[in-house]
Amino acid sequence: MRTNTMVALLFALFFSIGSADVLAEGIVLQNAENREGFVLDGLWNVRLAPFRGGNGKGMSKPMKPGAKDESFVDRLAVPGDWNTQAEKLYYYEGSVFYKRNFKWKKNSAKRYILHFGAANYEAEVFLNGNTIGTHKGGFTPFDFEVTDELLNGDNTLVVKVTNQRKKESIPTIRFDWWNYGGLTRSVKLVEVGETFISDYSVALDQNDKRMISGWTQLDGKYQGKEVTVEIPELKIKKSVTVSDNGKAEFIVKPKRLELWSPETPKLYTVRLTVGDDKVEDKIGFRSIETKNGDILLNGKKVFLRGINLHEEAPMGGGRLTTAEECRTLLGWAKELGCNFVRLAHYPHSEMMVREAERMGLMVWAEIPVYWKIDFENETAYANAEQMLVEMVQRDRNRASVILWSVANETRESEARQRFLGNLLKKTKELDPVRLTTAALEAFKEVDGVRVIDDPLGDLVDVLGVNCYCGWYFRKPTECPELGWEIKFDKPVIFSEFGAGALQGHYGDKSEKWTEEYQEEVYRQNIGMIKEQMPFLDGMTPWILVDFRSPIRPNRVIQNDYNRKGLLSEKGVRKKAFYVLQKFYQELEEKAFGKGKVQ
Ligand code: GCU
């Protein structure tokens, strides 16, 4: 943290003159990717630290020009997981020191922020021999001000990344996806003005949907400053004076406004300026709410034709790293006939959320409070809440995101109800408008009827229900007669069902792992949906693409892959893909809702 900022902070604290507010460590710099700066992506030198020894302080002294540093002999691409970049790192769980030398010409009128898109799981940052800070959480961005530590000329940045699973981490020790370690998203040195816009929110006003409202949060010497809000296409330009806490609120009435929707994913350029600092974003305006047990998008009932996605590069890659890869995956979802995606089970990259918005896909976003979290553990709660805050702060301006999910398949208990209840309360504090949800298990069956009475249903806006009829229980043909009883008058999304199949493995539909079996499970579950689940407001079968998982070791069929994808990891469609696609085409033609199937 900047020394004179520390002084200013103390000054501000004791004399509350508010003359200089600062970027508190861990607050995300909103929309970093569209700000001036220097992207540090590319090949970094690395040094493995299996025993996780030492820190990067000593190793981050600027190198004398031409000096050789033998200990950093390997190289890894950033962004990228290390597991798929080197055979010896495939299962690696430990620490890796990343090092990047770079030259910089400092501008004394500017401030400098190191922005990380994500690092899985824990990052310790060192710049030019200074300890900068640490971050825990593998899927959300983090920032550190480095104005004082950045040098004119040669700089050496070292980041120690550790992906060791821990009981109190989020996710905890056991989960059904690959533990990709590393600097998995971009790293950028962002240059901002002495006083800059650190955060903002711009959206349709939820009290008057004819208006656009929002706020900007300044950092620096903001007393008396004016922020200008522009939406050129709507001929809006408004200046607002900053209040004592550095915040400037505004509300404007556009003469006309094209609302964002999957059918018309309209985005407007929004430009925010304070002094010489400017940030530009593309924002869609829409409303999302529940009413009488329905989900309404822009005031109209909507059925969410969805699919689950993990964030894995197509064609068998590791953690995806490019917008192009996002477009490939989301293109497959669109080809299925989706208007919705569940980005399971952790915050996907900002690129994925922005591409979904551009392509017209609504999003279920989620933090990995997954399976056997220790709900009594305060550190686990703090880790979960921090990741939630960082996810909501990063994506609050994305029209595509309509649901925040706080959990997946967690067992009922007093402690779990408290833990998730607090997360849901925090979510509403951060974002009173979007809908909250969680994916519940549907294990309870009474006389052939699955009963959903999980007390968490009292706390969420929308229920997610996971149930693998025809795969984990019953035969596929016994699914259409499976009854359902939902004990809540709230919207319900069938958030997981499906079956595994090895692409290209054909046989009788009674033989598990054949494409024909998976196809039959989809047919029979769709039969169940039509006959037994007219209450549904959406569905996201599990899952679009086969994905890596260390708990799928069967060397013949799985080979470290969970095979429930509708496409193989090589992007080859399985037969079940076409069953779901046909159903979604039917749904697009007919209104599908509570008993309204024509
Ligand atoms: C669970 C879980 C998924 C998992 C899936 C499966 O429902 O939510 O993360 O991959 O089942 O068993 O394949």
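Just a few scattered comments:
- Residue within segment 98-109 that is among the aliphatic types (A, V, I, L, M) and surrounded by 11 or more Cβ atoms within 10 Å (Cβ to Cβ) present: no
- Residue among Trp404, Trp471 that alone is buried (at least 19 other Cβ atoms within 10 Å of the Cβ) and outside any loop (DSSP other than H, G, I, E, B): Trp404
Rundown of residues vs (1) in contact with a strand residue (DSSP E or B) (Cβ under 6 Å, 6 or more places away or on another chain); (2) without any contact (Cβ under 8 Å) to a residue 40 or more places away in the chain; (3) surrounded by 23 or more Cβ atoms within 10 Å (Cβ to Cβ), yes/no style:
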site: Asp277; (1), (2), (3): yes, no, yes
site: Glu280; (1), (2), (3): yes, no, no
site: Ser287; (1), (2), (3): yes, no, no
site: Asn298; (1), (2), (3): no, yes, no
site: Gly306; (1), (2), (3): yes, no, yes
site: His310; (1), (2), (3): yes, no, yes
site: Ala313; (1), (2), (3): no, yes, no
site: Gly317; (1), (2), (3): no, no, no
site: Ala323; (1), (2), (3): no, yes, no
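- If the condition is being among the charged types (D, E, K, R) and not in a loop (DSSP other than H, G, I, E, B), then segment 256-281 contributes Arg271, Asp277, Lys278, Glu280, Asp281.
- In segment 148-168, the residues that are open to solvent by 10 Å² or more (accessible area, probe 1.4 Å) and either more than 30 Å from Lys64 (Cα to Cα) or within 16 Å of the ligand (Cβ to nearest atom) (or both): Gln164, Arg165, Lys166, Lys167, Glu168
- Test: residue in segment 67-81 that is in contact with a Phe, Trp or Tyr (Cβ under 6 Å, 6 or more places away or on another chain) and β-branched (Val, Ile, Thr): yes
- Any chance Gly457 is in contact (Cβ under 8 Å) with a residue 24 or more places away in the chain, over 25 Å from Glu378 (Cβ atoms) and not in a loop (DSSP other than H, G, I, E, B): yes
- Count of residues meeting criterion [in contact with a Leu (Cβ under 7 Å, 6 or more places away or on another chain) and either in a strand (DSSP E or B) or small (Gly, Ala, Ser) (or both)] in segment 350-381: 6
- The set of residues in segment 334-377 being among the basic types (Lys, Arg), within 16 Å of the ligand (Cβ to nearest atom) and surrounded by fewer than 24 Cβ atoms within 10 Å (Cβ to Cβ) consists of Lys372 alone.
- Every pair of residues 6+ apart whose Cβ atoms lie under 7 Å, when the first sits in segment 487-516 and is more than 21 Å from Leu309 (Cβ to Cβ) while the second is hydrophobic (A, V, I, L, M, F, W, C) and in a loop (DSSP other than H, G, I, E, B): Trp513/Leu502; Trp513/Ile557
- Hits in segment 503-522 - residues which are within 14 Å of the ligand (Cβ to nearest atom) and either polar (S, T, N, Q) or part of a loop (DSSP other than H, G, I, E, B) (or both): Lys512, Gln518
- Residue that is farthest from the chain's Cα centre (by Cα) [pool: residues in segment 413-443 that are within 16 Å of the ligand (Cβ to nearest atom) and surrounded by fewer than 19 Cβ atoms within 10 Å (Cβ to Cβ)]: Phe443
- Looking across segment 185-205, the residues that are among the polar types (S, T, N, Q) and either open to solvent by less than 10 Å² (accessible area, probe 1.4 Å) or closer than 29 Å to Gln223 by Cα (or both) come down to Thr195, Ser198, Ser201.
- Of the numbered criteria (1) within 16 Å of the ligand (Cβ to nearest atom); (2) among the hydrophobic types (A, V, I, L, M, F, W, C); (3) open to solvent by 30 Å² or more (accessible area, probe 1.4 Å), the one Trp215 fails is (1).
- Residue count, segment 455-468 (criterion: among the aliphatic types (A, V, I, L, M), touching a helix residue (DSSP H, G or I) at 6+ places or on another chain (Cβ under 9 Å) and within 16 Å of the ligand (Cβ to nearest atom)): 2
- Among residues that are open to solvent by 10 Å² or more (accessible area, probe 1.4 Å), away from the ligand (no atom under 16 Å from the Cβ), among the charged types (D, E, K, R) and in contact (Cβ under 8 Å) with a residue 24 or more places away in the chain, Arg398 is not included.
- Across segment 536-551, not a single residue is classified as away from the ligand (no atom under 12 Å from the Cβ) and of a type in the set (Ser, Thr, Tyr).
To keep it simple, each residue is scored yes or no on (1) assigned to a strand (DSSP E or B); (2) out of contact with any helix residue (DSSP H, G or I) (no Cβ under 7 Å at 6 or more places or on another chain).
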residue: Tyr112; (1), (2): yes, yes
residue: Phe144; (1), (2): yes, yes
residue: Asp154; (1), (2): yes, yes
residue: Ser169; (1), (2): no, no
residue: Ile173; (1), (2): no, yes
residue: Asn179; (1), (2): no, yes
residue: Arg185; (1), (2): no, yes
residue: Lys188; (1), (2): yes, no
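- Annotation note: Cβ proximity below 7 Å between a residue of segment 91-102 that is outside any strand (DSSP E or B) and a residue that is modelled with pLDDT under 95 (sequence gap 6+ or interchain) occurs for Gly94/Ala49; Gly94/Pro50; Gly94/Arg52.
- Inside segment 469-499, residues that are within 16 Å of the ligand (Cβ to nearest atom), aromatic (Phe, Trp, Tyr) and under 27 Å from Thr290 (Cα atoms) make up a count of 2.
- Taking segment 232-255 as the range and being open to solvent by 40 Å² or more (accessible area, probe 1.4 Å) and in a strand (DSSP E or B) as the test, the residues that pass are Lys237, Lys238, Ser239, Thr241, Lys247, Glu249, Ile251.
- Residue check, Ile452 of a type in the set (Val, Ile, Thr), within 16 Å of the ligand (Cβ to nearest atom) and touching a Gly at 6+ places or on another chain (Cβ under 6 Å): no
The values are calculated or read from the model by the stated rules, or taken from the named source; none is laboratory data. Model, not experiment: these values are computed from the prediction. Using ideal geometry, Cβ is built from the backbone for each residue, glycine included, and neighbour counts are taken over all protein chains shown. Just so you know, the surface numbers come from the protein's heavy atoms only, side chains and all, with ligands and any DNA or RNA stripped out. Shrake-Rupley method; radii C 1.70, N 1.55, O 1.52, S 1.80 Å.
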